[in-house]
Amino acid sequence: MKMQAIITGRRVHGVGYRVFLLQRALETGFQKFSARNRVLNGTEQVVVQYEGEPEQVDALGSIIREEYPRDADISGIVFEPYEGYVVSVTDYMHVIQIEQLSKGIPAVISIDRKQDQILLKMDRMEISVTGEIHDLRTDMRSYIDRRLSMMEQDIQQIKAKIGLI
């Protein structure tokens with residue numbers, strides 16, 4: 001038996017709906033399952049096609065009606081018989097993996113670029129801070145040398161006054 005469910009709502013994309021449904025289909029024992037996102041007249045939809053024994057189809061239909069990802073905002077679900085080809089669940093898992101990788105790789109590249117920028121800024125800051133520390137040490141040495149010289153002069157004057165020199 002083949003069915004198609006169309007889940008419509010303000011937020012059914014970007015909430016993990018297809019992977020959520022895939023997991024439920026696997027738990028229900030489906031061998032043929034697919035789901036895709038589409039936008040129809042500005043409204044988000046998840047179109048689900050599945051094929052299995054009548055009990056499986058009924059069970060997944062109940063799951064689709066009663067369960068959904070936490071962040072989903074659903075306005076309607078329509079079920080209809082489906083006559084087209086339904087891919088194997090294994091092939092669909094490969095499709096989902098490739099889609100997720102294609103989303104993740106640009107994110108990782110972006111993070112890597114930002115990390116490089118941060119490291120470059122840190123290197124510049126290190127050079128700046130190192131220069132400031134060097135200048136501060138030079139200033140402190142100069143100040144301490146002056147104070148020490150003045151103290152030595154004062155000691156010499158005191159020694160001269162009390163007759164130690």
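Might you check whether a residue that is modelled with pLDDT under 95, under 31 Å from the mean Cα position of the chain (by Cα), of a type outside the set (D, E) and part of a strand (DSSP E or B) occurs anywhere in segment 27-41? Yes, segment 27-41 has at least one match. When the residues of segment 12-26 are filtered to those that are over 16 Å from R65 (Cα atoms) and not hydrophobic (A, V, I, L, M, F, W, C), the one that is modelled with the highest pLDDT is H13.
Kindly check whether there is at least one residue in segment 60-69 that is within 23 Å of G14 (Cβ to Cβ) and either in a strand (DSSP E or B) or of a type in the set (D, E) (or both). Yes, because at least one residue in segment 60-69 is within 23 Å of G14 (Cβ to Cβ) and either in a strand (DSSP E or B) or of a type in the set (D, E) (or both).
Evaluating Q97 against the criteria (1) under 26 Å from M1 (Cα atoms); (2) modelled with pLDDT under 95 leaves one unmet condition, (1).
Looking at segment 78-88, can you tell me whether even one residue there is surrounded by fewer than 15 Cβ atoms within 10 Å (Cβ to Cβ), more than 26 Å from G9 (Cβ to Cβ) and not aliphatic (A, V, I, L, M)? For segment 78-88, residues surrounded by fewer than 15 Cβ atoms within 10 Å (Cβ to Cβ), more than 26 Å from G9 (Cβ to Cβ) and not aliphatic (A, V, I, L, M): present. Just give me the residues in segment 27-41 being touching a residue at least 40 places away in the same chain (Cβ under 8 Å) and under 15 Å from Q97 (Cα atoms), in sequence order. F33, S34, A35 - these are the residues of segment 27-41 that are touching a residue at least 40 places away in the same chain (Cβ under 8 Å) and under 15 Å from Q97 (Cα atoms).
For segment 60-75, which positions are free of Cβ contacts under 8 Å to residues at least 24 places away in the same chain and within 30 Å of the chain's Cα centre (by Cα)? Steps first, please.
Start the filter on segment 60-75 by keeping residues that are free of Cβ contacts under 8 Å to residues at least 24 places away in the same chain, which leaves 62, 65-66.
R65, E66 - these are the residues of segment 60-75 that are free of Cβ contacts under 8 Å to residues at least 24 places away in the same chain and within 30 Å of the chain's Cα centre (by Cα).
With respect to the conditions (1) closer than 26 Å to G14 by Cα; (2) exposed (fewer than 11 other Cβ atoms within 10 Å of the Cβ); (3) in contact (Cβ under 8 Å) with a residue 24 or more places away in the chain, V47 lacks only one, and its number is (2).
Comparison of V48, V78, V57, V86 shows that the only residue that is at pLDDT 95 or above, over 24 Å from the mean Cα position of the chain (by Cα) and part of a loop (DSSP other than H, G, I, E, B) is V86. In segment 14-23, the condition of being at negative phi and over 26 Å from the mean Cα position of the chain (by Cα) is met by no residue.
The values are calculated or read from the model by the stated rules, or taken from the named source; none is laboratory data. Treat the numbers as computed from the prediction; the structure is a model and nothing was measured. No Cβ is skipped: glycine too gets one built from the backbone with ideal geometry, and neighbour counts run over all protein chains shown.
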